[in-house]
1. Which value, in Å² rounded to 10, gives the accessible area of Leu326 with a 1.4 Å probe and all protein chains present?
2. Using only alpha carbon pairs under 8 Å that are at least six residues apart, calculate the relative contact order of region 122-187 and give it in whole percent.
3. How much length is gained on full extension from Glu152 to Ala54, taking 0.36 nm per residue of separation minus their Cα-Cα distance?
4. Select from region 192-264 those GluC sites (Glu not before Pro) which occupy a DSSP coil region and have at most 15 other Cβ atoms within 10 Å, ordered by residue number.
5. Just read off the accessible area of Arg77 with the full protein assembly in place, 1.4 Å probe, to the nearest 10 Å².
6. Run the reach check for Lys73 against lysines, Cα to Cα strictly under 18 Å, same-chain hits fewer than 8 apart removed. What comes back?
7. Please give the Cα centre distance for region 320-344 versus region 53-124, rounded to the nearest Å.
8. Quick query: amide H of Gly63 versus all other amide H atoms, modeled in the peptide plane; which residues come in under 5 Å with a sequence gap of 5 or more or a different chain?
Amino acid sequence: RTEGAGEAGEKEEEAKIGGGYAATGQLQGVGYTAKIYDATNGLPTSDANWILGASDGYIWIGGYSGVIRYDGKTFERLDGANGLTSGRVMFEDSKGRIWVGTNDNGVVELSGNESRHFTYQDGLPSSSIRSFAEDETGRIYIGSTSGICYAENDSLTLFSDERLSGKTIERLAGAADGRVYGVTSEGELFCIRGGAVDAFYESSALGLQSATTIFPDPKDPGSVYLGTDGSEVYYGSFGTKVSGLTRISAAPAEGIDWITEACGRIWICSEELAGYLDEGNTFQPLRDLPMNNSIWMLTDDYQGNLWFASSRQGVMKVVANNFEDLFEAAELPEEVVNATCLRD
């Protein structure tokens, strides 16, 4: 049946039940709880490079020791015989296929019970993979430590642009209009459109200190968030010099490694700290989390819970709970309370 505007709004509100919405204050009167999973409580290992909340509800975890799938109850390490020797980066495409980039063994494409292993013999520029993205044609771009290739019609094609050849591609991110943005380990920024590099800039040419990561605005595909090796994040039209960009301070975070959208907010991570941009575009760090070391990235799942990956501390899940810490919300020091009363 046709869904009315009121029903759509109600459904959207009903969907805001997870820890990501609680942590950002979008759920009123609801607190959040963080739990770490590592080798002491179910996770086969205490390192995690990547977390993927797949559309079918599974949580995929990639680490140096392999790939793990979590169904909400059991952590299952997948057989490494088909190429899943490690998980450096993971991506779900528009067809529901899971792409796993390993640290030293190429790419594995998972589709249901089928898998396919791509190596340098199939056209990968390097066996060490760092990033994935998809364009409007369904082409899957694969960023490695030695350039880019793309998967199309079950085959790999080397991306032929001299400026990216041999470069470590630290981040690829697809925009809503099909453009693919990227950044190299040397801080070079680029945009791929229509199968070719549409724009390419060195950080210094834009007046930036070295760019570390990039993420397109979900609501404005032509605008991007740029992370730096300091505490600054810049926002604006891609290719604009720093004087024309909006500067956002992410202090006390230092060295911005990851920017993404989760639970209706833009999230920013350094190795020690994660936080979000509120409606006023002000960085709000999440404090007193048990994970505060070697954070690589975060994502959300279909319930709106947050998942963090740390190469030293494992995996952290942030969920909503029915209790709100009023002292924390009011930024008051912890105290013992002997009695409460109802006022007005």
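1. Accessible surface of Leu326 is approximately 120 Å².
2. Relative contact order for region 122-187 comes out at 31 percent.
3. Once the chain is fully extended between Glu152 and Ala54, it gains 33.1 nm.
4. On the way: sites: Glu202, Glu232, Glu254, Glu261; in loops: Glu202, Glu254.
Of the GluC sites (Glu not before Pro), the ones in loops of region 192-264 whose Cβ has at most 15 other Cβ atoms within 10 Å are Glu202, Glu254.
5. Surface open to solvent at Arg77 totals about 110 Å².
6. Cα-Cα hits under 18 Å: Lys35, Lys317.
7. 44
8. Under 5 Å from the amide H of Gly63: Asn49, Ile68, Gly87.
The values are calculated or read from the model by the stated rules, or taken from the named source; none is laboratory data. In this text the structure is predicted, and so the values were computed from the model without any measurement. Here Cβ is always computed from backbone atoms with ideal geometry, including for glycine, and neighbour counts include all displayed protein chains. The protein model used for the area step is the full one, side chains on, heavy atoms only, and it has no ligands, DNA or RNA in it. Shrake-Rupley method; radii C 1.70, N 1.55, O 1.52, S 1.80 Å.
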